[in-house]
Amino acid sequence: MRRLFPVTDETAARPGESGPVPPPGDREWTLEELAEAYAYPEPAAGRREPWLRANMVSTLDGAAQHDGRSQPISGAADMRIFGTLRGLADVVIVGAETVRQEGYRPAREREAFAAARKAAGQAPAPAIAVVSASLRLDFSWPLFTSPRVPTLVLTGAAAPPEQKAAAEKAGARVVIAGDGTVVDPARAVRALADLGMTRQLTEGGPRLLGQMIAAGVLDELCLTVSPMLTAGDGQRIADGPALTVPRRFALASLLEEDGFLFSRYRRT
């Protein structure tokens, strides 16, 4: 993996200083080097504001999935980035449909990140937070019954009481983040931050990411561009109503391996 462009002035080391400048050369980076390159911004003194980043993959022709799943358009380097971003996060936010389609399981504890997570006061693995208005989920799945860290379910105040009870019986923590049956992305982000989960990562799917973009809560997008063409009618990485005015993000870094591009954009 090699860096094609330097990181921004915000993260680049200046003359005479050390900083998270990735190593030169055409070799596979260690997980420690990737973790340094993708580190969350340091919070201001005395503040614990949430930082929400998204991690998505897209083909050259804009498809976020093939046959309903993202795995066919991914690759080994993409999975290392995927694992690194999870290793840095307090919580992984994901839509219920993506949980069903991708067969989500609990995030696992990884030895490479254990010491850093302990030093940062993080749990051994990130919690999974499932966004669901209806709570039509199978609470017998391992995601709910045997996670390393209890799974959270983000839903609205008017979600079916019997489903909320089923979630809690399975061991999940129900978090109300909206009036009625709708989950408000801004309230979801704040509710998780209030639980101490400020390093937030969403893996979609496209509808959830579209809602987060529309709500103006997305701080960073980590986008893998896969060197594949699929044609067809695959979803884009974000779905939903268009913004009245496009929201501009700034390139923070760009990496490459085996034809895959790993871009990282932050809100301006």
Q) With respect to the numbered conditions (1) of a type outside the set (Val, Ile, Thr); (2) open to solvent by less than 40 Å² (accessible area, probe 1.4 Å); (3) more than 20 Å from Gly204 (Cβ to Cβ), which one is the sole condition not fulfilled by Glu111? A) (2)
Q. Do we have Thr181 as surrounded by fewer than 17 Cβ atoms within 10 Å (Cβ to Cβ) and of a type in the set (Val, Ile, Thr) here?
A. yes
Q) Could you say which residue among Arg117, Arg80 is under 20 Å from Glu256 (Cα atoms), part of a helix (DSSP H, G or I) and modelled with pLDDT of 90 or more? A) Arg80
Q) Going through the range 140-165 one residue at a time, which ones are assigned to a helix (DSSP H, G or I) and open to solvent by 40 Å² or more (accessible area, probe 1.4 Å)? A) Pro142, Thr145, Pro161, Glu162, Gln163, Lys164, Ala165
Q.
For the list (1) without any contact (Cβ under 8 Å) to a residue 40 or more places away in the chain; (2) outside any helix (DSSP H, G or I); (3) open to solvent by less than 20 Å² (accessible area, probe 1.4 Å), I need the number of the one condition that Val92 fails.
A. (1)
Q. Hey, does the range 31-45 have a residue that's open to solvent by 40 Å² or more (accessible area, probe 1.4 Å), aliphatic (A, V, I, L, M) and touching a Leu at 6+ places or on another chain (Cβ under 6 Å)?
A. no
Q. Quick one: is Gly259 closer than 18 Å to Ser70 by Cα and buried (at least 17 other Cβ atoms within 10 Å of the Cβ)?
A. no
Q. Is the range 11-32 home to any residue that is among the aliphatic types (A, V, I, L, M) and modelled with pLDDT of 65 or more?
A. yes
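The values are calculated or read from the model by the stated rules, or taken from the named source; none is laboratory data. Values in this document were obtained by computation on a predicted structure and should not be read as measured data. Note that each Cβ is placed from the backbone with ideal geometry, even for glycine, and that neighbours are counted across all protein chains shown. In case anyone asks, the SASA skips ligands and DNA or RNA and just uses the protein heavy atoms, side chains included. Shrake-Rupley method; radii C 1.70, N 1.55, O 1.52, S 1.80 Å.
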